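What follows is calculated from the coordinates using simple rules that are stated; it is not laboratory data. These numbers were taken from a predicted model, which means no experiment stands behind them. Backbone-built Cβ (ideal geometry, glycine too); neighbour counts: all protein chains shown.
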Protein chains: 4
Amino acid sequence: MFSIDVQCRVPIYEQIINQIERFIATGILKSNEQLPSVRQMAFDLGINPNTIQRAYTELERKGVIVSIVGKGSFVTDNIQSIIDKKRNEVVIRIKDDINILKNLGLSNKEIHAKIFKD
Amino acid sequence: MFSIDVQCRVPIYEQIINQIERFIATGILKSNEQLPSVRQMAFDLGINPNTIQRAYTELERKGVIVSIVGKGSFVTDNIQSIIDKKRNEVVIRIKDDINILKNLGLSNKEIHAKIFKD
Amino acid sequence: MFSIDVQCRVPIYEQIINQIERFIATGILKSNEQLPSVRQMAFDLGINPNTIQRAYTELERKGVIVSIVGKGSFVTDNIQSIIDKKRNEVVIRIKDDINILKNLGLSNKEIHAKIFKD
Amino acid sequence: MFSIDVQCRVPIYEQIINQIERFIATGILKSNEQLPSVRQMAFDLGINPNTIQRAYTELERKGVIVSIVGKGSFVTDNIQSIIDKKRNEVVIRIKDDINILKNLGLSNKEIHAKIFKD
DNA sequence: GTGGTCTAGACCACA
DNA sequence: GTGGTCTAGACCACA
């Protein structure tokens, strides 16, 4: 289910965070669903447990998952806010890029044509 | 003219590269125009000359500027290709982000509304 | 395994780049093999780690090696293209030199005799 | 007659040295022929007289030209040794490169085909 | 421990 | 003065 690209310059723990958030946002992971244990996931991906731990800690800090000692880690029950946050992040990034294109001399019409064609 | 943000996680030398490329792409820097010397720019920005040197070396490798020992650094005379490359980069980034929004459950119409409103 | 000549006018970082490329092209370094760490190689050669870092950075940009923070630097898995590129470089250099010899008044036959004797 | 490429990474004074040596070796400049004065050549090429001076000084040191105060600079009367030296330089460079190709796994036959085809 | 960035400062070739 | 290379050494993120 999870996969990482060690050659990618995005840190592994961030890759894991992104995947979990995306799986939640796209409905692959449901509210309250249990995640693999730190050790299990580390074993499956062949990487250091510390790296998974870091991802989980960060996700808990962001309110995306809840970790309960002795029981495991679970997707939060309020996933709608995560979806909204994810969408907003991307929309803002796109808007910034559209402004850059304007500065590079493209009109609204040209931009529209380029990003929606193909 | 140039400015950097030391807090930003983007390395300083990359910030400088981006700024110069954008200044060229937007016509602020013209073909064959001389850039500030490595030392001058370092002094103006209050950073180490090595960092500017690295930016200039990278820009020369990319064919954006030409550096001549004893004379200075100059914008290449073929800037159109730089503008085109810059535009393409951004367009591709936007397309990728639009696909992410689709995966997050937004329709084409909703995406369109969000990124072009305001 | 590696060695440098500080007297040589070729910069040290280029000497290292050339050696690594040649070791790969001649099969001494295999695909995915791990290279000495930046600090280790610097220590072995008695030079500054920054100089090795520069060589490794350049090699990664050329697609010859892959560097992963926290793990190390590794020969790319696609080394055939490196070998081909290396061969072409040298062939072109020889052809240029043969033309120079022709301009210096040597016939094809004389050139052939000179460069293949002993 | 003379020309320089300021963008080229070969120093200007070396470009001038190379051109004069090649003109001699190929018969364009004859024994005892007078060269342009330092100032004249600097003016024609639009560069600093110091740079030409440096080239002439080097050429005199190598025995290629003779400079006489108040009269000018002249091609040496023993140009055969220059031609021979030039030829030898190039032949040695080619031999080195052929050895590199051998190390890269090419047979004599393959090398021969590559460098004499086209 | 591993690579990546940056500062401070020296020295070089070249114009 | 101009770019290019290198050393010495610090600090960072990551595994």
Using the crude model of +1 on Lys and Arg Cβ and -1 on Asp and Glu Cβ, and no other charge, please compute the dipole size for chain B relative to its Cα centre, in debye to 20.
240
Just need log10 I(q)/I(0) for chain C at q = 0.12, 0.20, 0.22 Å⁻¹, Debye formula, equal scatterers on the alpha-carbon atoms, no solvent, rounded to two decimals.
-0.55, -1.05, -1.19
If I take the rotation axis that carries chain C onto chain A, which residue of chain C has the nearest beta-carbon, and at how many angstrom?
C:N50, 4
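For D:I28 and D:K117, FRET efficiency with R0 = 35 Å and r from the beta-carbon atoms, rounded to 0.05? Each step should come with its number before you reach the end.
Working: r = 30 Å, r/R0 = 0.85.
Here the calculated transfer efficiency is 0.70.
Exposure proxy check: D:I28, B:I94 ranked by fewest other beta carbons within 10 Å?
In increasing order of surrounding Cβ atoms, one gets D:I28, B:I94.
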Most mobile listed residue (D:E14, D:E89, D:E33) in chain D, GNM with C-alpha springs under 10 Å
D:E89
Compute the acute angle (0 to 90°) between the alpha-carbon long axis of helix C:49-61 and the principal axis of greatest extent of the alpha-carbon atoms of chain C; round to the nearest 10°.
70
Just name one of C:F116, C:I52, D:Q80: the one whose Cα is farthest towards the positive end of the charge dipole of the protein assembly as shown (beta-carbon charges, Lys/Arg +1, Asp/Glu -1).
C:F116
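Note down the net charge around D:I28, summing +1 for each Lys or Arg and -1 for each Asp or Glu among other residues with Cβ under 12 Å from its Cβ.
Values: positive: D:R22, D:K30; negative: D:E21, D:E33.
Taking every other residue near D:I28 into account, the sum is 0.
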For chain A, find the longest principal axis of its Cα atoms and tell me its angle to the long axis of helix A:12-25, 0 to 90°, nearest 10.
80
For residues of D:101-107, the mean tally of beta carbons on other chains within 10 Å:
4
Please find, in a Gaussian network model of chain B (springs between Cα atoms separated by less than 10 Å), the residue of B:S31, B:S107, B:S81 whose mean-square fluctuation is greatest.
B:S107
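In debye, nearest 20: dipole of the stretch D:12-78 around its Cα centre with unit charges on the Cβ of K, R (+) and D, E (-)? Working shown, then result.
Numbers: 7 positive and 7 negative charges, 18 e Å.
So the dipole magnitude of the stretch D:12-78 works out to roughly 80 debye.
Among rounded, prolate and oblate, which fits the stretch B:48-90 when a ≥ b ≥ c are the square roots of the eigenvalues of its C-alpha gyration tensor, a/c under 1.5 means rounded, and a/b larger than b/c means prolate? The partial results should precede the final answer.
Values: a/c = 3.59, a/b = 1.62, b/c = 2.22.
Oblate is the answer for the stretch B:48-90, as a/c is 1.5 or above yet b/c matches or exceeds a/b.
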Dipole of the protein assembly as shown (Lys/Arg Cβ +1, Asp/Glu Cβ -1, origin at the Cα centre): which of B:L101, A:G70, D:Y13 lies farthest to the positive side?
B:L101
Work out the length of the dipole vector of the protein assembly as shown about its Cα centre, built from +1 on the beta-carbon of each Lys and Arg and -1 on the beta-carbon of each Asp and Glu, and round it to the nearest 20 debye.
440
Measuring from a point 7 Å out along Cα→Cβ, what nm distances, shortest first, does C:R93 have to its partners in the other copies?
0.9, 3.8, 4.3
